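Asker: One structure is given below, represented as structure tokens, and several questions about it will come after.
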Amino acid sequence: MVRRWRLATVDTKFWIDMDWWDQQDRDIRIYMRELLCDSCRSQYSENVISDDEVDWVDMETGEVARVDALWHTIRTCCSVKPGYITPTTPMVDALFRTFLANGNTPLSVVELYERLDRRPPKTWLRILTKEVQMGIRPVYED
């Protein structure tokens, strides 16, 4: 597949590109496990990172989907607890955590700013377009 690069703007949607993690030979689940709250961490042993799936119901559409259990745990428990993202969380980590909490639904820089309220949208855009970090890339539809 040929990717066409376009100039990203503050309205360009971004997401975590799972193919990037495979291409870098990195396991996103290791990073995800580090974000578990204390109560959820006990569900996952130190050496085993389960790739089990669970049913998830979209509250807006009622649609049921099979989703990664670890991702679901972060999304429904850990990300809603205080301390998941703090004012001292590094910017790229805050973005990564936001996408995890959002189920990796693409978000624009403006939407990210509205959720994080830490830097002006143009600052977020510069960070996101300088280089791919933690797999966060623009979503371009062909």
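Asker: Any aspartates and glutamates with Cα under 13 Å of the residue 81 Cα? List them, leaving off those in the same chain fewer than 8 positions away.
Answerer: Result set, ordered by chain and number: 38.
Asker: Can you quote the Å³ per residue value for the convex hull of the Cα atoms in the stretch 13-138, rounded to an integer?
Answerer: In the stretch 13-138, the Cα convex hull volume per residue is 120 Å³.
Asker: Return the aspartates and glutamates within reach of residue 130: Cα separation strictly under 18 angstrom, same-chain partners fewer than 8 residues apart disregarded; answer none if there are no such residues.
Answerer: 11, 17, 93
Asker: Now a separate question. Which is the longest stretch in the chain that no exposed loop site breaks, taking sites as GluC sites (Glu not before Pro) with a DSSP loop state and at most 16 other Cβ atoms within 10 Å?
Answerer: The longest such stretch corresponds to 64-130.
Asker: Amide H neighbours of residue 108 under 5 Å, counting only residues 5+ apart in sequence or on other chains, H built in-plane at 1.01 Å?
Answerer: Counting only residues 5 or more places away or on other chains, the set is 14.
Asker: Tell me the chymotrypsin sites (Phe, Trp or Tyr not before Pro) within the stretch 46-142 that lie in a loop according to DSSP and have at most 14 other beta-carbon atoms within 10 Å.
Answerer: 140
Asker: Another question, then. Just grab the label-to-label distance for residue 118 and residue 67, each label 7 Å out from Cα along the Cβ direction, in nm (one decimal).
Answerer: Once both label points are built, they end up 2.2 nm from each other.
Asker: So if a site counts as exposed when it's one of the trypsin sites (Lys or Arg not before Pro), its DSSP state isn't H, G, I, E or B, and it has at most 15 other Cβ atoms within 10 Å, what's the longest stretch of the chain without one?
Answerer: The answer is 27-117.
FYI, it's all coordinate maths here, none of it is from the lab. These numbers come from a predicted model, not from an experiment. All Cβ positions, even for glycine, are placed from backbone atoms using ideal geometry, and neighbour counts span all protein chains on display.
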